[in-house]
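First the structure, in the form of structure tokens, and then the observations on it.
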Amino acid sequence: MSDIAPADMITVTDLRKSIRNGTRTVDILKGLDFSIPRGQFAAIMGSSGSGKSTLLGLLAGLDTPSSGDVALNGTAISYLPEDKLAQVRGRTIGFVFQSYQLIPTLTALENVLLPYELNGDSSSAEGNARSTGLARARSLLAGVGLGDRLDHYPVQLSGGEQQRVALARAFVLRPPIVLADEPTGNLDSANGAAVLELLLNLNRTEGTTLVLVTHDAVLAGYADRRITLRDGRIVSDERNASPGEGSTE
């Protein structure tokens, strides 16, 4: 076993976020410092209003901090120009939303292909980015049990099936980081368990760093690490002794 620590995929330095509410300033995040190593599954927990969704948006480069910084795979992203930020975000992050965020006029296959169409490299080894992306998208959809639903539109899919499409889309570019915002929050317990199992299997297979925001302690029990926020501060940051011991049955 190597003694060399894995490189940090996410580094958060004195991260603060405040907003103006009338004449007063509301501090949402109050100086967060932490790092997440390559390949780790970290769950960010906290009650409503704790700042966890704001933190996830900052990690994704969807918002700008009031001060401090976020670095993804060694690149500081918080104050990049939008064009460069979009490039880094597109190549580095896969995102799984609670509300699926599928485009209704695209089929399941087309939804999964969308990040590849937007960010795919036309100088791929095969010289044909679309062909490479198509094979990848088909393989991922088959892997989440939707190999026979490629041409179905979101309205023709159940909630659990839509979230499985969203999982495939998040992994299509093989991003080193996947961020998930309450990915089972809109699903019943059976579908939620199935989607969680697929997410964990994809994460292990692809070797990504996974950050999941949740208020569900059972779901967080599958993570390697739990970071808990309260009132914009980290109140605990602990390793799970036996991640994944809970049951998804």
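The values are calculated or read from the model by the stated rules, or taken from the named source; none is laboratory data. Since the structure is predicted, the reported quantities are computational estimates derived from the model, not experimental observations. Note that we place each Cβ from the backbone using ideal geometry, even for glycine, and neighbour counts take in every protein chain shown.
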Could you check the stretch 18-51 and list, in sequence order, the residues that are under 13 Å from Asp237 (Cβ atoms) and basic (Lys, Arg)? none
What residue, among those in the stretch 1-60 that are in contact with a Gly (Cβ under 7 Å, 6 or more places away or on another chain) and of a type in the set (D, E, K, R), is nearest to Ala71 (Cα to Cα)? Asp14
Within the stretch 137-249, helices (runs of 4 or more DSSP H) holding 3 or more residues that are more than 26 Å from Phe34 (Cβ to Cβ): 159-171, 189-206
Can you name the residue in the stretch 1-32 that is β-branched (Val, Ile, Thr) and assigned to a loop (DSSP other than H, G, I, E, B) and is also modelled with the highest pLDDT among such residues? Thr23
When you go through Ser18, Ser53, Ser47, Ser35 one by one, which is the residue that is exposed (fewer than 15 other Cβ atoms within 10 Å of the Cβ), touching an Asp or Glu at 6+ places or on another chain (Cβ under 8 Å) and hydroxyl-bearing (Ser, Thr, Tyr)? Ser35
Any chance you could count how many residues in the stretch 104-124 are at pLDDT 95 or above and part of a loop (DSSP other than H, G, I, E, B)? 4
Take the stretch 47-86 and flag every residue that is closer than 14 Å to His215 by Cβ and either assigned to a helix (DSSP H, G or I) or over 17 Å from the mean Cα position of the chain (by Cα) (or both). Ser47, Ser48, Gly49, Ser50, Lys52, Ser53, Leu55, Leu56
Report yes if some residue within the stretch 40-55 is modelled with pLDDT under 95, aliphatic (A, V, I, L, M), touching a Leu at 6+ places or on another chain (Cβ under 6 Å) and within 23 Å of Thr205 (Cα to Cα); otherwise report no. no
Mind telling me which of the residues Thr248, Thr208, Thr228 ends up being at pLDDT 95 or above and either exposed (fewer than 15 other Cβ atoms within 10 Å of the Cβ) or not basic (Lys, Arg) (or both)? Thr228
Please go through the stretch 162-201 and pick out each residue that is touching a helix residue (DSSP H, G or I) at 6+ places or on another chain (Cβ under 7 Å), surrounded by fewer than 19 Cβ atoms within 10 Å (Cβ to Cβ) and under 12 Å from Gln98 (Cβ atoms). Asn186
